[in-house]
Structure formats: C-alpha cells, structure tokens
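Only the coordinates and a few stated rules stand behind these numbers; no lab work does. Note that the structure is a prediction, hence the values are computed from the model and not measured. A quick note on method: Cβ atoms are made from the backbone with ideal geometry, for glycine too, and the neighbour counts reach across all protein chains shown.
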Amino acid sequence: MWREIIIMSLESLLAKKTRTVLSMLGIIIGVATVIAVFAIGQGAQNAVNAQFQNLSANSIMIMSNRGREATGSSKLSVADAAVIREQAAQVKSAAGAITGNVSVAYGGEDKSYSLIGADSEYLSISNLTVASGRFFGPDEVAGKEMAAVLGATAAADLFADGTDPIGATVTVGAKKAEVIGVLKKVGGRLGPLSVDEAVILPNTAAEKNILGGRGMVMINIQADSVDNIEAATQEITAILRAEHKLKIDQEDDFRIMDAGSMVATAQETAKMMSYLLTAIAAITLLVSGIGIMNVMFVTVAERTKEIGIAKAIGGKRADILWQFLLESVILSMLGGLIGIGLGLGLIPLVAKINIITLAYSWNGPIIGFSFSVLVGIFFGFYPAFKASRLDPVDALRSE
Amino acid sequence: MVNAEIKLISARKSYYLSSGEEIPVLKGVNLTIAKGEFVAIMGESGGGKTTLLNIIGCLHPLTDGEYLLSGENIGAVRDDFTLAFIRNKKMGFVFQQFNLFARLSALKNVALPALYLGRPRLERENRARRLLESVGLGDRLEHRPSELSGGQQQRVAICRALVNEPDIILADEPTGALDSESGLEIMRIFRDFKKQNKTVVMVTHTATVAKFADRIIYLRDGQVISDNYQLASKY
C-alpha cells in the first residue's frame, strides 16, 4: 500500500518537473547553508584548537592596552619582561616581543615588511630553523644591537640579484642593520604574522630604534605552575602598575590574560559565529518551508477533482492526507539530499579561497537532512489536511 | 418490501448560502429500491437527480429524514471512516466524464479502490486484469486514459466500480459523453449486472437510455412525481 502511494507521489512530482525543481530550490539552499554552517563552525573550532595547541596551561600573556582615555598611552615595553623575570616569584620565564610594519631596503627601493622584535629564545619557542647564518643571542638583545634575521621570502625579495645576504647591510626603517641569518621557509602563518615575510631584530633594538611607541608589545610568561596562575596574574599586575607608575585611580595600561581565559574567549567567538549562521540557516529553511506549503496548496487546488474522485471510490480522509503529506515530504527530502550534495561539494571550493577555515562535520548532513524532512512534514501537513477535509461533492464538481 | 436495499424516508436535503439562506433541493423523498433492481432517475436539470444519487452514494449527509441501507439507518452517520468504507465496499460509482486518474494506467485505475480497501497488490491486480479482460480491454492494461477512446475509458471506469464487488452501482449520465454505439455497449454491461443481482441506480435525461431500466423515477423540484415499472428494452 505504501509502495503504491509513494510511487503515485513520485509520479505526480515528475509530472510537474519545473515546479518541483523550483519549489525544491529553497530547501536545497537551506540545507546547503546548514552544511556550510556546520563546516564553518567545525572549521572555527579546529582553528581555535590549532591556535592554542602549543599554548601550555600555565601561559600568561600581557598586551599593551592603548586608546583608553584613563591612561592615554601604554607604557608597556619589552623591558618589562626583564622586570617581571627579576621581581615576580611565581614566574618561570618571561619573553617580550614587539611587532609592527617597517620599510626595508637593500640598495634599491623600499619594501614593506613585518618587523618582529624578538627575544633570543624566539627561534626555539616558535619552532623555526635557520637556513644560513645564525640567530641573535642574549648578548645582542641586551646590547640592543641591530642584528637582523630575515624570513625566507623577505630574503629572496631583497637579495633577488643573488648576493649572499649574510653580512650585508640593510636599512630597516631609517637605521642600518647587519643581516646575520636567514630562516627556512615556514609556508603557513604563525598567528597573524607571516614569518616568511618578516624581518626579525632583537626586541630591545626594534623598540628603541624603530617602532618606539607604535609597535604592538606582547609579553609571554610561563607561571611556575598551573595552580599559581591566579596569584601570578595578581603579582604581575602589581609589578607592572608600580613600574608604569600608575596612580591608584588609573586603569591598567596593559591587558593580562591567561591561557584558559584566552581559549574560552576564542571559543566564545567561534560559538557566536555558529549561532549567527544557525539563525540564518533556520530562516532559510523557514522561508523554503513556506514555499513548499505554497506549492502544495497549488497542487491541492489543481487536483481537487482527483480528491473528489478518490473519495467517491472509497478513499478515506487518511488516504488523501497521506498522499499529499508524502508528496511534500518526498519533495523536501529530495531537496535536502541535493542540498547535502551541493553543500559538501562546495566545501572544498570555499576552502580554497582561504578566508575562512572549513572542516567536514557529520552533524551538518545529518541535521540538514532531518530538518528537510521536518520542514516537509510541518509545512505539508496543513495543505494535506485541507485536502483531506474537502467535501467530496464540491470536489467532484470542480474542474 | 423485504429485500429493500435502499430505503429513503422523508429524505430532505438543503444547501445553505453564505448569507444563511436555505436552498431546499430534496423536499421529502420517499423511495424504496429492492436488491437487483435497475432504476433510472429522470427529470429536469435542477430537479435534484444528482443530489439524490450523491445521497444514496453516501457523498452527502441528509439534512433531515432517514436513509436505510440494507436495513441500517446511515442517514445520521458522519464518521468518515464508515462512510468511506461503504463507498468503497458496498458501492461503485460511474460518472459521465469517466473520472479516471490521468497519470495511472487502466490496470492501476481499476485496482485503486482495492488499494484503499487494503487488498494485497497481487490480488488487486489479478482482479483488475480479469475485469478488464471481461470487457474486452485485456490488451489495454498498461494504457493511460488519454490513449483510450471514450467507450473504452467508460469500460475501465465500470471495472473500477466493480473491483471490490459492490452490491450497488451508481451511475451519473454514464452514456452522456459517448456516441450511441459505445453508449449501447455500456448499457449492455449494465443489463448484465442483473444476472449478478447487483442493484443499479442511474441518473439520465435520455429516454432511450432510461428504457434499459426496469423502473423509471421522475423527479421535479425535489420531489418524486412518478415512479413506474416498465418492460426493459432488450437492446
């Protein structure tokens, strides 16, 4: 019996191909959106995880907090790292970094690169390797020496004529610096910066000679244990406030975050994004459902006579209800399947654009498909119900 | 009458306009039809012929009065399940415009009422095939209605009416859309129902068609004005 009713539904959908396809479009787009939402959500989650995978639980990060009226400018400096190292009891290590943009020239014209003012341990912390020459040591950091290490792309650009960069003098900002090393190509990005396109100087020299107050200062701290994160944070805050000579009524001119709260913030952001996209998907599915309801009403109106005949030859209300309900469910289910195919097919294409991270997720197809079936039942029920309640004589009389 | 198959007592039927105005169509019809009778209902347009047929066919509820079907009063029954079952199992409808499903083959059309009754597929298709063969359409089983002539379509419709072996056949102008030769063929089939002791109620306004019936009832303005037995024409 069900087999027959399903076949009859399919036949009537096939009889109106254009209408069937048009009414499925909404649900196709809706389900493809659901797939995309979950791919983006999963991608954002993966990105958060990747960003923090090297971050140990006892990490604390301090950044300059500028632009607040209370303090005006931030006094946070890479030198604060040394102060924290010396004064804080619950801190294992502290490394300061300053980043900004700078123009670099070798002989010819200037080019803009990222400048990373780093600690001597930057190489090992960031898992980088020197291709030729060497990285600067603690003495050069302490001596604020202009010893430059070039990213692979930056080196290839600046020394396109084939000169050996090691020992050459380049102009960084307005200052001369000696190239002492070139890094191996990294390929991807490390946080917001591409190391390949960067010039790395000792943080002290970069801050004093080039970036001054315009650089972005960041101090990475390892607390001596995870349990002491809270205490270490308070200790560091007190030290920096004293160092920056902040009055009691002034706000901190720095932001201090521990690993746990940073991960939580990033996850919160990723979650907000997926809520937003879920809302968009829900609206799309709602609109597509209304479209299906509309089409089903047209179908019922067109087939009023058939409904009358079916009733006259002994069709029950339930038979007619099922007939139309199945038709709308099949319609939306087919749309759902096509939408899943479309969504999954689009993920690799979108992923190539490289703006947002996407990842396959099983939840997308499963939820997308379930929703398409639910939309078919929910929005198909009312037209099917109306069809089943038609007066047989009135229905027979219609043309 | 002991063998009363269909009995209407003071049957009234009114339609109501949206303004609430009552339009009476049947104004107290008393009618008894015995099992195996072939009855023609005649009368002017608007006299209530089709309404009477629809009431006998359980498509309309009565406004007032009683309807006894095989002795049971079903005039007050409103339950869809029961009424659908009666239409499905006890009655078979034949219409002027055939009213076949355009998308279904002849075989599927005939088998449909058996599907509503929940018969297994093999059984209903075998029965449909036998019926179509008996009216000379054994080679048209997979044809759609649009591929058949009017007379052939009406024969398919008659097979559909017979598939659940009903006791009563209800026909509304069954020859109205056919040429005289095809119409004669249909009447021949109707006469054969007598041999199976099936009751036939047929609405027509054509005297030559009504001649095939055992009895002619005239309706005018919602009332029976004459009811006569006749010697049925032998085609």
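Per residue of B:81-92, other chain Cβ atoms within 10 Å of the residue Cβ number 4 on average.
Could the peptides A:169-179, B:109-119, B:170-180 be put in order, highest first, of the mean number of other beta-carbon atoms found within 10 Å of their residues? Working shown, then result.
Values: A:169-179: 17.2, B:109-119: 22.6, B:170-180: 20.5.
Result, highest mean Cβ count within 10 Å first: B:109-119, B:170-180, A:169-179.
Working from label points 7 Å from Cα in the Cα-to-Cβ sense, the A:ASN46 to A:VAL373 distance is 2.8 nm. Calculated on C-alpha atoms, the gyration radius of segment A:180-239 divided by its Kirkwood radius gives an Rg/Rh of 1.09.
Net length available on complete extension from B:ALA177 to B:LEU117 is 18.7 nm, with 0.36 nm assigned per residue and the Cα-Cα distance removed.
Dipole magnitude for chain B: computed about the Cα centre from +1 point charges on Lys and Arg Cβ and -1 point charges on Asp and Glu Cβ, it is near 640 debye. Run down the lysines and flag those whose C-alpha is under 22 Å from the C-alpha of A:LYS352, throwing out any fewer than 8 positions away in its chain. Result set, ordered by chain and number: A:LYS185.
Output the relative contact order of segment B:101-165, whole-number percent, from Cα pairs under 8 angstrom with separation of 6+ residues.
Details: 72 pairs, mean separation 32.0, N = 65.
49 percent.
Measuring between alpha carbons in the structure, the pairs from B:LYS89/B:LYS194; B:LYS13/B:LYS195; B:LYS49/B:LYS89; A:LYS75/A:LYS271; B:LYS90/B:LYS194 lying more than 25 angstrom apart are B:LYS13/B:LYS195; A:LYS75/A:LYS271.
Here's how it looks for B:PHE212: its modeled amide H is under 5 Å from those of B:SER233, which are all 5 or more places away or on a different chain. Phi angles of segment A:220-235 translate, via the Karplus equation with coefficients 6.51, -1.76, 1.60 and θ = phi - 60°, into HN-Hα couplings of 9, 10, 10, 6, 6, 7, 4, 5, 9, 3, 4, 5, 5, 4, 5, 4 Hz per residue; Gly and Pro are given as x. Per-residue packing, averaged as other Cβ atoms within 10 Å, sorts the ranges B:158-164, B:127-133, A:13-19, B:23-29 into the order B:158-164, B:127-133, B:23-29, A:13-19, beginning with the highest.
Efficiency by 1/(1 + (r/R0)^6): what FRET value for A:VAL287 and B:GLU21, r their Cβ-Cβ distance, R0 = 60 Å, to the nearest 0.05?
Numbers: r = 43 Å, r/R0 = 0.71.
It comes out at approximately 0.90.
Give the order of A:LEU358, A:LEU334, A:LEU150 when sorted by the count of other beta carbons within 10 angstrom, beginning with the fewest. Walk me through the numbers on the way to the answer.
Numbers: A:LEU358 24, A:LEU334 19, A:LEU150 32.
Going from sparsest to densest Cβ surroundings: A:LEU334, A:LEU358, A:LEU150.
Starting from segment B:25-125, pick out the GluC sites (Glu not before Pro) whose DSSP state is loop and whose Cβ has at most 14 other Cβ atoms within 10 Å. Write down the numbers at each step before the final one.
Numbers: sites: B:GLU37, B:GLU44, B:GLU66, B:GLU72, B:GLU123, B:GLU125; in loops: B:GLU37, B:GLU44.
Of the GluC sites (Glu not before Pro), the ones in loops of segment B:25-125 whose Cβ has at most 14 other Cβ atoms within 10 Å are B:GLU44.
How would you classify segment B:76-232 from its alpha-carbon gyration tensor, with a ≥ b ≥ c the square roots of the eigenvalues: rounded for a/c under 1.5, else prolate if a/b is greater than b/c, otherwise oblate? Note, shape of segment B:76-232 comes out oblate.
Value of Rg to Rh for segment B:1-104, rounded to two decimals, is 0.98; Kirkwood radius and Rg both from alpha-carbon coordinates. Think of segment B:101-165 as having a plus end and a minus end, set by charges on the Cβ of Lys, Arg, Asp and Glu; of B:LEU137, B:PRO120, B:GLN152, B:PRO120 sits farthest toward the positive end of this dipole. Which of the three applies to segment B:122-206, rounded, prolate or oblate, going by the alpha-carbon gyration tensor with a ≥ b ≥ c and a/c under 1.5 meaning rounded? Oblate shape, in that a/c is at least 1.5 and b/c is the bigger or equal ratio. Highest mean first, the peptides A:269-282, A:369-382 sorted by other C-beta atoms within 10 Å per residue fall in the order A:369-382, A:269-282.
Looking only at the protein assembly as shown, where both bridge partners belong to it, what percent of the DSSP beta bridges are antiparallel (to the nearest 5)?
Numbers: 60 of 87 bridges.
Expressed as a percentage, antiparallel bridges in the protein assembly as shown total about 70.
Here segment A:66-252 carries DSSP beta bridges of which approximately 75% are antiparallel, counting only pairs with both residues inside.
To the nearest 0.05, how large is the calculated FRET efficiency for A:LYS247 and A:THR163 if R₀ is 45 Å and r is the Cβ-Cβ distance?
Values: r = 54 Å, r/R0 = 1.19.
That gives a FRET efficiency of 0.25.
Expressed as a whole percent, the proportion of Cα-Cα pairs in segment B:101-165 lying more than 15 Å apart is 38%. The modelled label-to-label distance between A:ARG397 and A:ASN363, using points 7 Å beyond Cα along the C-beta direction, is 5.6 nm.
The modelled label-to-label distance between A:ARG214 and A:LYS185, using points 7 Å beyond Cα along the C-beta direction, is 3.1 nm. Its alpha carbons considered, the protein assembly as shown gives a radius of gyration followed by a Dmax of 43.7, 131 Å. For segment B:142-185, the set of GluC sites (Glu not before Pro) satisfying both a DSSP loop assignment and a count of at most 16 other C-beta atoms within 10 Å is given as B:GLU142. With R₀ set to 30 Å, the beta-carbon distance separating A:LEU193 from A:LEU349 gives a calculated FRET efficiency near 0.60.
Taking θ as phi - 60° and the Karplus parameters 6.51, -1.76 and 1.60, the scalar couplings of segment B:155-172 work out to 5, 4, 4, 5, 4, 4, 5, 9, 4, 9, 6, x, 8, 10, 10, 10, 10, 10 Hz in sequence order, x denoting glycine and proline.
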